[in-house]
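Presented below is the structure to which this report refers.
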Amino acid sequence: MDRGLYENYLQILSSELIPALGCTEPIAIAYAAAKVREALGKMPESITVDCSGNIIKNVKGVTVPNSGGLKGIDVAAVLGVVGGAADKKLEVLNSVTKEDIEKTKELVAHGFCKCGLIEGKENLDIIIKAVAGDESALVEIRTFHTNVVRIEKNGEVVFSKDDEAQGEKKIDKSKLNVKDILVFADEVAIEDIEPIIKRQIDTNRAICDEGLKEEFGAQVGRTILKYNDVNDVRVKAKAMAAAGSDARMSGCALPVVINSGSGNQGLTVSIPVIVYAEEKGCSAEELYRALVVSNLISLHQKRYIGDLSAYCGATSAGCGAACGIAYLDHSSYEVICGTIINSICTIGGMVCDGAKSSCAGKIASSVETGMMAYAMAKDGHIYGSGEGLVGDDIEGTISNIGRMGKDGMKSTDVEILNIMLGN
């Protein structure tokens, strides 16, 4: 494989597969809030939080981690100001104390934080302004959850950057394609991916175990195991992934390694592959390579759509997981392509109506569809070109679904937000 492409794929994994505490949208707000206090240099007297619609949608119904069960944009922001550690980024609330939670409750009750909607902007935009006396500070995050693009102090810009830059090294997701993803998975040096992938395995498995052990949320994972054959690896795979979402949507303090900016997608893309590899007795190296496939195929689909939209990203992640399982079975390029087509052309378009307990059910459905899609592809049953959104080849099909998710579902996204806001 070309060395430049190899390094690009490795950097994509490194920049995308990072740990986050709780749902990434409230955490992004908490991170921006911690940054604005840092910029101000003191505890503010008041803050204003303005967010794009998809941020509001994904914060409204989810518990803020380490908050004592509290929900809301104001809670996420105030807790970030009071007890957040800005240098921890998506783990900003790791060190919150009981005193911080009590202070947050008090400040929220007294109107310390005002919230507003940013209209006509992209899907991921957060602007927080803090005021203390005659001093002020402002922080803006845009495009992805840790991407601080502007910091102001007393009305003067002290930091700004290109909001497309993702760290020191530029990555190019347009280079992703199924054929090269499989070549990369075959050829990548294990020592290059082990720190990234092993963290995903250990971190995501831990919260799924917690989700099955405790009564979180709607208990989708526990319900699946209760009413299905627990010896069926497909049942275990979707139950474990759903259980992790049960836990994190209910504010479980354990972190998740994300995919496409989402912890739910990080769980969906990894846990079924991990469960299948354990059942099959695969080696650690086989599992690492299969998770490279699942993660990159999911990221490949989401690059057309973006991190936030009306398109439920669990469908992309469930498809990616099925491809990782197919890779563990040494399936051909044609079977893996067929798995993708069958999966996203069955369930692609499932709506995202925010982060909340039903995400676990959507994860279970996505994993189930991915497994069905793989079984069909193994037997040579693949949806044909021209049937609905199926393109002339795999890349055309992925592009078609992406166009539908990004452009076609824009009005859907607006209507979902209006319904959720009671408009």
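The values are calculated or read from the model by the stated rules, or taken from the named source; none is laboratory data. Quick caveat: nothing in here was measured; it's all calculated off a predicted structure. All Cβ positions, even for glycine, are placed from backbone atoms using ideal geometry, and neighbour counts span all protein chains on display. Just so you know, the surface numbers come from the protein's heavy atoms only, side chains and all, with ligands and any DNA or RNA stripped out. Shrake-Rupley method; radii C 1.70, N 1.55, O 1.52, S 1.80 Å.
Residues that are part of a helix (DSSP H, G or I), among the charged types (D, E, K, R) and surrounded by fewer than 20 Cβ atoms within 10 Å (Cβ to Cβ) within region 1-20 comprise R3, E7, listed in sequence order. All of (1) within 27 Å of T412 (Cβ to Cβ); (2) buried (at least 19 other Cβ atoms within 10 Å of the Cβ); (3) in contact with a helix residue (DSSP H, G or I) (Cβ under 6 Å, 6 or more places away or on another chain); (4) touching a residue at least 60 places away in the same chain (Cβ under 8 Å) hold for E140 with one exception: (3). Residues that are in contact with a Lys or Arg (Cβ under 6 Å, 6 or more places away or on another chain) and within 30 Å of K410 (Cβ to Cβ) were ranked within region 47-93; the one that is modelled with the highest pLDDT is T48. Starting from region 95-108, take each residue that is free of Cβ contacts under 8 Å to residues at least 60 places away in the same chain and list its partners that are open to solvent by 60 Å² or more (accessible area, probe 1.4 Å) and of a type outside the set (G, A, S), counting only C-beta distances under 8 angstrom and pairs at least six apart or across chains. What qualifies is S95/K88.
Would you check if A237 is surrounded by 20 or more Cβ atoms within 10 Å (Cβ to Cβ) and among the aliphatic types (A, V, I, L, M)? Yes. If the condition is being outside any helix (DSSP H, G or I), of a type in the set (G, A, S) and in contact with a Phe, Trp or Tyr (Cβ under 9 Å, 6 or more places away or on another chain), then region 229-259 contributes S250, G251. Answer with yes or no whether S174 is open to solvent by 50 Å² or more (accessible area, probe 1.4 Å) and more than 30 Å from D2 (Cβ to Cβ). So S174 fails the test. With respect to the stated conditions, S343 fails to be in contact with a Gly (Cβ under 9 Å, 6 or more places away or on another chain) and without any contact (Cβ under 8 Å) to a residue 12 or more places away in the chain.
For region 260-267, the condition holds for at least one residue, the condition being that it is open to solvent by less than 10 Å² (accessible area, probe 1.4 Å), of a type outside the set (F, W, Y) and not in a helix (DSSP H, G or I). Within region 332-383, restricting attention to residues that are acidic (D, E) and not in a helix (DSSP H, G or I), the residue that is nearest to T63 (Cα to Cα) is D353.
Can you tell me how many residues within region 46-93 are among the charged types (D, E, K, R), open to solvent by 10 Å² or more (accessible area, probe 1.4 Å) and either farther than 24 Å from G217 by Cβ or part of a helix (DSSP H, G or I) (or both)? Residues flagged as among the charged types (D, E, K, R), open to solvent by 10 Å² or more (accessible area, probe 1.4 Å) and either farther than 24 Å from G217 by Cβ or part of a helix (DSSP H, G or I) (or both) within region 46-93 amount to 6. What are the pairs with Cβ atoms under 6 angstrom where one residue, in region 23-43, is without any contact (Cβ under 8 Å) to a residue 40 or more places away in the chain and the other, located anywhere, is of a type in the set (F, W, Y)? Sequence gap at least six, or different chains. Close Cβ pairs (under 6 Å, with a partner that is of a type in the set (F, W, Y)) do not exist here.
For every residue, the table says whether it meets (1) surrounded by fewer than 12 Cβ atoms within 10 Å (Cβ to Cβ); (2) part of a loop (DSSP other than H, G, I, E, B); (3) touching a helix residue (DSSP H, G or I) at 6+ places or on another chain (Cβ under 7 Å); (4) not aliphatic (A, V, I, L, M).
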| residue | (1), (2), (3), (4) |
| --- | --- |
| V390 | no, yes, yes, no |
| S399 | no, no, yes, yes |
| G402 | no, no, yes, yes |
| G405 | no, no, yes, yes |
| N418 | yes, no, no, yes |
| N423 | yes, yes, no, yes |
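Every test in (1) open to solvent by 50 Å² or more (accessible area, probe 1.4 Å); (2) in a loop (DSSP other than H, G, I, E, B); (3) in contact with a helix residue (DSSP H, G or I) (Cβ under 8 Å, 6 or more places away or on another chain) is passed by H145 save one, and that test is (1).
Taken across region 286-308, residues that are open to solvent by less than 10 Å² (accessible area, probe 1.4 Å) and part of a loop (DSSP other than H, G, I, E, B) do not occur at all. Please go through region 308-342 and give me each residue that is of a type in the set (A, V, I, L, M) and more than 30 Å from D125 (Cα to Cα), ordered by number. Within region 308-342, A322, I325, A326, L328, V335, I336, I340, I341 qualify. When E194, E215 are checked against the criterion of being touching a helix residue (DSSP H, G or I) at 6+ places or on another chain (Cβ under 7 Å) and surrounded by fewer than 16 Cβ atoms within 10 Å (Cβ to Cβ), a single residue qualifies: E194. Could you please find all residues in region 110-141 being assigned to a loop (DSSP other than H, G, I, E, B) and over 20 Å from L417 (Cα atoms)? Selection gives H110, G111, F112, G133, D134. Within region 318-361, the residues that satisfy the criterion of being open to solvent by 30 Å² or more (accessible area, probe 1.4 Å) and closer than 21 Å to G388 by Cβ are E334, C345, T346, M350, V351. Scanning region 91-116 for residues that are within 30 Å of the chain's Cα centre (by Cα) and among the hydrophobic types (A, V, I, L, M, F, W, C) turns up V92, L93, V96, I101, L107, V108, F112, C113, C115. Could you tell me which residue of region 197-208 is nearest to Y288 (Cα to Cα), considering only residues that are of a type outside the set (S, T, Y) and either outside any helix (DSSP H, G or I) or open to solvent by less than 70 Å² (accessible area, probe 1.4 Å) (or both)? The qualifying residue nearest to Y288 (Cα to Cα) is I197.
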